[in-house]
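The values are calculated or read from the model by the stated rules, or taken from the named source; none is laboratory data. Treat the numbers as computed from the prediction; the structure is a model and nothing was measured. Cβ coordinates were reconstructed from backbone atoms using ideal geometry, including for glycine residues, and neighbour counts include every protein chain displayed.
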Amino acid sequence: MEPGDRPEGSSPRQWLSRKERVASEPLRLADLPTADRRRAILRCGATVVLAWVFLIGAFYVIPIGHESGLRAFLRLGLDIGLVGAVFAWQIRRISVAALPELRAIEALGIVIALFLVLFSGIYLAMSHESPLTFTQRLDHTRALYLTITVFSTVGFGDITPRTDAARLVVSAQMLLDLAIIGAVVRLIFNAARTRIAPSPSPVPGGGS
């Protein structure tokens, strides 16, 4: 019987559910043949690159309005909620992925790109509201540059916040940077390890 043939005596639903279970079994990257492993890595890299291009491109294309201090904090809360929702969605995708290790890398790349773009939008909107919010008037490139320097803790000091509202938003990004570097990275890769970990064998005689 060919692999695609349905066994006699089984309903289509039973056969399909069995095929879905087999197809959903996770694999380690090291277990793949060399050619398949290379293709999978290339697909993963392409996905991350396309996600960055799409998000950063959208940041440059979508009009950014003006945000006062209060509205900036409201937007900050919404953006944090959006990042959290995308993070939870990516964890869900890892938990059912065929290649959890690569899915975890994709998830991390997407979450970081979204995080940087959202904070860049806040900084740009605050600079549109008042050019004196930062030491330089921000455009798209400068806002993205500021966000990346804060995220990477480089801090050249050429662009710094001048108002208390801007200092608080930048401080919030610093704290969230630590959360992403510490907690989010760990949770994403723990989800991948959990996905590929073998299920515990039932203990003989454990049933009542």
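I'd like to check something: does the range 156-179 contain any residue that is of a type in the set (K, R) and at pLDDT 90 or above?
Yes, the range 156-179 has at least one match.
Is it the case, given these coordinates, that V117 is at pLDDT 95 or above, assigned to a helix (DSSP H, G or I) and touching a helix residue (DSSP H, G or I) at 6+ places or on another chain (Cβ under 8 Å)?
yes
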Fill in: Extreme residue, surrounded by the most Cβ atoms within 10 Å (Cβ to Cβ), among residues of the range 63-73 that are touching a residue at least 40 places away in the same chain (Cβ under 8 Å) and either outside any helix (DSSP H, G or I) or at positive phi (or both)
E67
Worksheet item: Hey, Q90 hits all of (1) without any contact (Cβ under 8 Å) to a residue 12 or more places away in the chain; (2) touching a helix residue (DSSP H, G or I) at 6+ places or on another chain (Cβ under 8 Å); (3) not acidic (D, E) but one; which does it fall short on?
Response: (1)
Discussion item. Between a residue in the range 28-53 that is more than 29 Å from L116 (Cβ to Cβ) and any residue that is surrounded by 12 or more Cβ atoms within 10 Å (Cβ to Cβ) and of a type in the set (V, I, T), which pairs come within a Cβ distance under 7 Å, given they are 6 or more apart or on different chains?
Written reply: R28/I196
Worksheet, complete the sentence: Selection from the range 111-157 of residues charged (D, E, K, R) and either touching a Gly at 6+ places or on another chain (Cβ under 6 Å) or free of Cβ contacts under 8 Å to residues at least 24 places away in the same chain (or both) yields R137, D139, R142
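For (1) of a type in the set (S, T, N, Q); (2) within 27 Å of L42 (Cα to Cα); (3) surrounded by 14 or more Cβ atoms within 10 Å (Cβ to Cβ), each residue gets a yes or a no:
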site	(1), (2), (3)
R75	no, no, yes
F87	no, yes, yes
L108	no, yes, yes
F115	no, yes, yes
F134	no, no, yes
T141	yes, no, no
Y145	no, no, yes
T149	yes, no, yes
